[in-house]
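Chemist: Below is the structure I would like to discuss, written out as structure tokens.
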Amino acid sequence: MKNTLVKIIAITSIIIGVLMLSACSYETDNDIANKNISKLIVAIENEDHVGIKSLFAPNIIAEIDDFDQNINDLLSYYIGKNGSYGSHGLGTEYDRDSGIEKRWHNMSYDITTTEDVFRIAIIWYIQDTEDVGNVGIWSFYIIRFEDDPYPNYDYGGDGLWSPGLHIGKTYIGELD
């Protein structure tokens, strides 16, 4: 009887330990989004062409003519250092169909640098079990805060969410 009780306590302790360790490694959608935005800001501020390109989905890069020139344009547009950011909106969408799972973030952030304030809007795929070439940034929009005609709303680019990297585009029309 005593031997059985010791075994039950030992097994229970092991199970609790494993559950506690696995719970510590769980990342929320906010954690993932913040980690990705931090990587993006660091790559932009370091003028790291390869780093920026690595954050985009390979299949999207293949669709865009002059993608490298778009990165050059971004680096010319974005000025300042030490970008701190605040999230205006994080939406996570999940699609599961016929065993294929896709998950992506629709994000809006304001970034304050030493020189200016920028607004960005991104669709960032974080999972695609059918094609890993779809994982990464699909759609990236950036605008100076002062050029956004709707500063009281989350920035959403031109509202079309076209693949690639877009600078200075705004939504045409009324938001209300």
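Read the figures in this text as sums done on the coordinates, not as results from a lab. What you are looking at is a predicted structure, and each value in this text was computed from that prediction instead of being measured. Because the Cβ atoms are built from the backbone with ideal geometry, glycine has one as well, and the counts that use them run over all protein chains shown.
Chemist: Compute the signed sum of charges (Lys and Arg +1, Asp and Glu -1) over the other residues within less than 14 Å, Cβ to Cβ, of ILE32.
Modeler: -1
Chemist: Could I ask something else about it? I want the local charge near GLY91. Using Cβ-Cβ distances under 15 Å, sum +1 for each Lys or Arg and -1 for each Asp or Glu among the other residues.
Modeler: Numbers: positive: LYS102, ARG103; negative: ASP29, GLU93, ASP95, ASP154.
Here the count lands on -2.
Chemist: Let me ask something else about it. Pull out the extension gain between HIS88 and ILE32, defined as 0.36 nm times the separation in residues minus the alpha carbon to alpha carbon distance; nm, one decimal.
Modeler: 18.6 nm
Chemist: Treating cross-link reach as a plain straight distance, find the aspartates and glutamates whose alpha-carbon is under 15 Å from the alpha-carbon of LYS81, omitting any fewer than eight places away in the same chain.
Modeler: The reachable aspartates and glutamates, counting only those whose Cα sits under 15 Å from LYS81, are GLU45, GLU47, ASP48, ASP110, GLU115, ASP116.
Chemist: How much length, in nm to one decimal, is gained on full extension between GLU63 and ASP48, taken as 0.36 nm per residue of separation minus their Cα-Cα distance?
Modeler: Result for the pair: 3.3 nm of gain on full extension.
Chemist: Give me the extension gain from ILE172 to TYR150: residue separation times 0.36 nm, minus the current Cα-Cα distance, reported in nm with one decimal.
Modeler: Computed gain between ILE172 and TYR150 is 6.9 nm.
Chemist: Still on this model: Based on the alpha-carbon gyration tensor of the range 22-121 and its eigenvalue square roots a ≥ b ≥ c, which shape applies: rounded if a/c is under 1.5, prolate if not and a/b is larger than b/c, or oblate?
Modeler: oblate
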